[in-house]
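First comes the structure, then the notes that go with it.
The values are calculated or read from the model by the stated rules, or taken from the named source; none is laboratory data. Predicted, not measured: the structure shown is a model, and the values here were computed from it. Neighbour counts are summed over all protein chains in view; Cβ atoms, including those assigned to glycine, are modelled from backbone coordinates with ideal geometry. Calculation scope for accessible area: heavy atoms of the full protein, side chains included, ligands and nucleic acids excluded. Shrake-Rupley method; radii C 1.70, N 1.55, O 1.52, S 1.80 Å.
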Amino acid sequence: MRHTLALFFISLLIACNDTPKKQDTSEPDSKQVLSEKVESSSNTSGDYSSLYNNDDCDMSIAELAEVLKVPESNLDMLDKIGENKCSFDLKGFGTNTLDGDSRISWRSTPSSKKQNKKEIASYLERKESGLKIMGMDIELAETGDSYIAQQPAHGRIIIYNENYDQAFLMHYGIKSANTNRTKEQHEELRLKMTNLANYLLQKHRK
């Protein structure tokens, strides 16, 4: 009888130990995911010193026309205006009430590594929750180490990289300031300027 009871308890212990452990199916915290996305972009960042710290416009009409997919005759390069690094007048996307053609420009602007990281995280958090305020959005640049923030209501794109104390600001004009620009033209120009942002990052990355 004792042997029988002993065998029974041994079998019971073995059965308990062999019970499969419950797998952890909990989803990762969304803020942790966003933090990891931001962190991964900074760890593999290229060198963009020539983009952020050079005040000379190194873009020709021919080069810009190729990137934007427009005829060279639709572009006029302007002299440096204020702190703008590059400034061009562009035909075909409405007329500016003050100067005629639409104006596009881009330059670096003071910021900080901490501020850039904060902006990226804020944009990503809104994107994760599906919240678009006035069409604001963000996407990872094709280089994989910077973010391109969209502000279509302001006709503006901002490139953020948390390894720099600057951001890169690109203007293509708000729709209301361009008397003949349609909604479709505004969206098309936004996409063209996004392509330009990716091109500039690839051009300057070292």
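Between Asp55 and Met77, the distance separating the two model label sites (each 7 Å from Cα on the Cα→Cβ line) works out to 1.9 nm.
The 3J(HN,Hα) values that the Karplus relation (6.51, -1.76, 1.60; θ = phi - 60°) gives for the range 58-68 are, in residue order, 9, 10, 8, 4, 4, 5, 5, 4, 5, 5, 7 Hz. Gly and Pro appear as x. Shown here: the range 60-204, whose C-alpha atoms stretch 40, 30, 26 Å along the first, second and third principal axes, sorted largest to smallest. The listed residues Cys57, Cys86, once ranked by accessible area (1.4 Å probe) with the largest placed first, stand as Cys57, Cys86.
When Glu142, Glu188, Glu119 are compared by accessible area at a 1.4 angstrom probe, the order from most to least is Glu142, Glu188, Glu119. Exposure check, 1.4 Å probe, all protein chains in place: His171 carries approximately 60 Å² of accessible surface. Computed from label points 7 Å out along Cα-Cβ, the spacing between Asp47 and Lys91 is 4.2 nm.
Of Lys91/Lys118; Lys114/Lys183; Lys113/Lys203, which pairs sit farther than 30 Å apart, going by alpha carbon to alpha carbon?
Long pairs (Cα-Cα over 30 Å): Lys91/Lys118; Lys114/Lys183.
For the range 60-204, the dipole from Cβ point charges (+1 on Lys and Arg, -1 on Asp and Glu) about the Cα centre works out to 400 debye, to the nearest 20.
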